[in-house]
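The block underneath contains the structure these notes are about, expressed in structure tokens.
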Protein chains: 2
Amino acid sequence: MTLQDQITEIGRKARAASRELAKLSADAKNAALRGIADALVERAPAIIEANASDLERAEKNGLSKAMLDRLRLSKERITAMAEGIRSVAELDDPVGKTIDRWTRPNGLQINKVRTPIGVIGIIYESRPNVTSDAAVLCLKTGNAVILRGGSEAINSNLAIAEAMQAGGSAHGLPADAVQLIPTTDRDAVRLMAEMDRYIDLIVPRGGHQLIETVVSHARMPVIKHYHGVCHVYVDQDADLDMATEITINGKVQRPGVCNAVETLLVHRAVAQLFLEKAGAELIAKGVEIRGDEATRAILNGKSQPATEEDWTAEYLDLIISVKVVDDLAEAIEHIEKYGSHHSDAIVTADTAAAEQFLNEVDSATVYWNASTRFTDGGEFGFGAEIGISTDKLHARGPMGLDELTTYKYVIRGDGQIRK
Amino acid sequence: MTLQDQITEIGRKARAASRELAKLSADAKNAALRGIADALVERAPAIIEANASDLERAEKNGLSKAMLDRLRLSKERITAMAEGIRSVAELDDPVGKTIDRWTRPNGLQINKVRTPIGVIGIIYESRPNVTSDAAVLCLKTGNAVILRGGSEAINSNLAIAEAMQAGGSAHGLPADAVQLIPTTDRDAVRLMAEMDRYIDLIVPRGGHQLIETVVSHARMPVIKHYHGVCHVYVDQDADLDMATEITINGKVQRPGVCNAVETLLVHRAVAQLFLEKAGAELIAKGVEIRGDEATRAILNGKSQPATEEDWTAEYLDLIISVKVVDDLAEAIEHIEKYGSHHSDAIVTADTAAAEQFLNEVDSATVYWNASTRFTDGGEFGFGAEIGISTDKLHARGPMGLDELTTYKYVIRGDGQIRK
């Protein structure tokens, strides 16, 4: 069987499974999710064994310590995965919910109802726990899922997928509701992206190269979970203590994530006062500052010079770029020009300035007097998150269960025909 | 300037205009729409002159009478276009509306607010009135629009676009809010589809070839307005008079549109009675019937044989394919296998059968005891329609103004940081 035939066959099976899945009640799906959680725990020894072979190979291939740690599964991590699944089972099922309803003058009753999307392809790298995290959110919402993980984790992913299939089908889930692409052949990504007949949505979770491959080949909608070049703008009317806290929190609390702050913009009127204070705190926390000329003048040798590249950089590290701006308009202009439309915050006591910022900054999430670190499904109260979309359609910002559904119009009449 | 540079420049200008547009109030946008309507009427003589040169060329190229009629603009048609624009100005503006709002335990106020999508590319064929119809819906929702019309209508489209630009900018609309690709070079479609930096959404409205070109090159979301292979299923518990009316209405009232019925499915228990009656009426209305064996046996020489191709055919003509099925499950199976997931109806007095049909048929619009011809923005009460999406994301079924928006999360706090 060629790779193409193999992928097509997986797609065909996923489509068939998706039709069965769409008929399952919330209770049936939740029972299957609990079955999956149990199966992961039961099969933990086999999963850890498969993971050990991945780790061994990875070590030989010289993967960094941080990467090895991301790859490693333990009994505790598998238990945590199972706990995560059980908590998803507890969430409300959006499928079947009425989003809107109205009656037309001719008596037609129109109901706009949430339905599963169908078949979702998830392409991800590295961490094997994504295999179950992402899959269960798709299953919860009645979607079949085709998973394609990173080659480093292939054995771990296969073992997890097998456990999920066993646990799910023992509780009435179609056997092909979760499938993992069993090969590390890179062509599989392209073949998945081209298969619009069987995949309704593809979600690439990984680096630039992966996303580029998917986007350039995809014939179906893609929802990208791309980088975050997030800004804090400290306005002239900012409470400078609050601004310092929000800046420090955005940069330092967890620098390696997409909602961390990468660029600080400061109004010229408060730059001296604010940067002396916040700059010292940032430096004390081990943050490297890359500033424009005005910033460097204020920080007096404690800032590196920022280059043009710094304004678009997602450091994911203890580095921050800093620019002094003349006014709100320049701050907005900077964010629109260099930002990634992920999460941006203004700190100010001036309502008019805040509202202008909230309106004109075209980002998935815009904040007034709060940390950008809140862009997160859990922090939004979604209960679960498949990621944070940097696209505008069909989901923007944190993607929860609702964003894994589409809708259809269900129309009930009593013989209406069109005149 | 190369074509690539030309398209890129149009994109760059559209992006800049979209940022200005997003700031305009509903009143300002509506005033501009009325200005556009006035300009179309004022410039009607110039538009008709440009149209005459398109018609002359089209006639030389041997376009069919029907196509020439679609291409032709008259004072009355231009007045109707202007009236259409004025009625869009009267509609509610969805931009800025709160879709959802909640407060988190930490006090963060989260508002999910409708925003413009940004820049929308519309690629269409033939009828020049689409130039203004589609453009004003985009403008109303604060989106900049790049139009690419069919080559037959290039002069008409340019004249309409010029009138729109003049009328709009006289009332405060950014000059580049509406732009028309001024060349008929086919490469322009590909270049637009590749330009994800400047175009956020592309909507191809046209034949299979156009849609295929867009889908295969697009790097941004595409919303397809594709064909409708719509079904009526007459259940064993159908009111046969109602079923006949719904079938005749679906096939005959306007056969050339995507929500017309192409295939009739009939439960075996009522096939004899129903097909004798409905068959005779269809034939009396000039409809050609292409039936399976059971249908042909009942219609006794008055039906052509249906081939496998007939089940997927969108005739857009007075032809209908007819199949007798054993039960509801076979009807659903047929629709899922051969249909285009556009609009499908069941006629029955059996609530359980109806609900099963409504649940299991995965189409944008599913009907119980009503004609599929109601799948239409106007009939839904949307007031305006950019088309009927056959995609699942981000819009499904009739697309009105709401579907030309996205959303962002606007979050107001008082200094919250993440713990």
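The values are calculated or read from the model by the stated rules, or taken from the named source; none is laboratory data. Since the structure is predicted, the reported quantities are computational estimates derived from the model, not experimental observations. Positions of Cβ are backbone-derived with ideal geometry, glycine not excepted, and every protein chain shown enters the neighbour counts. Ligands, DNA and RNA are excluded from the accessible area calculation, which covers all protein heavy atoms including side chains. Shrake-Rupley method; radii C 1.70, N 1.55, O 1.52, S 1.80 Å.
Remarks
- Distant-in-sequence amide contacts of A:V322, defined by a placed amide H-H separation under 5 Å and a gap of 5 or more residues or a different chain, comprise A:L264, A:R290, A:G291, A:D292.
- Helix-derived mean residue ellipticity, 222 nm - over chain A, DSSP H n ≥ 4, -39500 (n - 2.57), to 500: -14000 deg cm²/dmol
- Label points for B:T2 are taken 7 Å from Cα along Cα→Cβ. From this copy to the others they lie 3.3 nm apart, shortest first.
- Antiparallel bridges, percent of DSSP beta bridges restricted to the protein assembly as shown (to nearest 5): 25 percent
- Sulfur and carbon atoms: percent of accessible area, chain A [1.4 Å]: 47 percent
- The solvent-accessible area of A:C258, taken with every protein chain present and a 1.4 Å probe, is close to 40 Å².
- Simple label model, 7 Å out from Cα along Cβ direction - B:D196 to A:R197, nm: 2.4 nm
- Anisotropy class assigned to chain A is oblate, per the alpha carbon gyration tensor with a/c at or over the 1.5 cut-off and a/b no larger than b/c.
- Shortest first, B:E49 label-point distances to identical copies amount to 8.6 nm, with the label point at 7 Å from Cα along Cα→Cβ.
- Amide H to amide H, with H built 1.01 Å from N, A:I346 comes under 5 Å of A:Y233, A:Y367, A:W368, A:N369, A:A370, counting only residues 5 or more places away or on other chains.
- The 3J(HN,Hα) values that the Karplus relation (6.51, -1.76, 1.60; θ = phi - 60°) gives for the range B:389-400 are, in residue order, 6, 9, 8, 9, 10, 8, 10, 10, x, x, 9, x Hz. Gly and Pro appear as x.
- Shape summary of the protein assembly as shown, radius of gyration then Dmax from alpha carbon positions: 28.6, 97 Å.
- With each label modelled as a point 7 angstrom along the Cα→C-beta vector, the A:Q253-A:M1 pair spans 4.7 nm.
- Each chain gives up part of its surface: B and A jointly bury about 6100 Å² of accessible area, both sides summed, for a 1.4 Å probe.
- Backbone amide hydrogens, once placed in the peptide plane, bring B:A238 within less than 5 Å of B:A349, excluding anything fewer than 5 places away on its chain.
- Inter-chain shielding of A:387-395 (mean C-beta neighbours from other protein chains, 10 Å cut-off): 5
- Vicinal HN-Hα couplings computed from phi for the range B:204-221 (Karplus, 6.51 cos²θ - 1.76 cosθ + 1.60; Hz; Gly/Pro x): x, 10, x, x, 4, 4, 4, 4, 4, 4, 5, 4, 6, 9, 5, 9, 10, x
- Shielding of A:213-225 by partner chains, average beta-carbon count, 10 Å: 3
- Average Cα contact separation per residue, the range B:219-305, under 8 Å, 6 or more apart, as relative contact order %: 26 percent
- Between B:T247, B:V266, B:H227, the Cα set farthest toward the positive side of the dipole of the range B:162-315 (charges on each charged residue's Cβ, about the Cα centre) is that of B:H227.
- Taking the Cα centre of the range B:230-378 as origin and assigning +1 to Lys and Arg Cβ atoms and -1 to Asp and Glu Cβ atoms, the resulting dipole is close to 600 debye.
- The rotation axis bringing chain B onto chain A passes closest to the chain B residue reported with its distance as B:H394, 2, by C-beta distance in whole Å.
- Net charge dipole size for the protein assembly as shown [Lys, Arg +1 and Asp, Glu -1 on Cβ; Debye, nearest 20]: 0 debye
- Relative to the longest principal axis of the Cα atoms of chain B, helix B:3-23 runs at roughly 80 degrees.
- Two-site FRET efficiency, B:R57 against B:H208, from Cβ-Cβ distance with R₀ of 22 Å, rounded to 0.05: 0.35
- Computed with a 1.4 Å probe over protein heavy atoms only, the accessible surface of the protein assembly as shown comes to 38 Å² per residue.
- Efficiency of FRET from Cβ geometry, B:E333 and A:S64, R₀ 45 Å, rounded to 0.05: 0.30
- Across the identical copies, the 7 Å label point of B:D100, projected outward along Cα→Cβ, sits 1.5 nm from its counterparts, in ascending order.
- On Cα atoms only, tilt of B:129-140 relative to the major axis of chain B in degrees: 60 degrees
- Selection from A:S371, A:I211, A:A44, by position along the positive dipole direction of chain A (Cβ): A:A44
- For the range B:95-241, with +1 on Lys and Arg beta carbons and -1 on Asp and Glu, the positive-most of B:P182, B:Y198, B:L108 along the dipole: B:L108
- Put a plus charge on the Cβ of each Lys and Arg, a minus charge on the Cβ of each Asp and Glu, and nothing anywhere else: the dipole of chain A about its Cα centre is then about 1960 debye.
- If the chain linking A:R186 and A:I283 were pulled fully straight, counting 0.36 nm for each residue of separation and taking away their Cα-Cα distance, it would gain 30.6 nm.
- Prolate/oblate/rounded call for the range A:191-348, Cα gyration tensor, a/c under 1.5 rounded: prolate
- Solvent-accessible surface of protein heavy atoms, probed at 1.4 angstrom with all chains present, puts A:T348, B:T79 in the order B:T79, A:T348, largest first.
- Residue by residue along A:371-382, Cβ atoms of other protein chains within 10 Å of the local Cβ number 4 on average.
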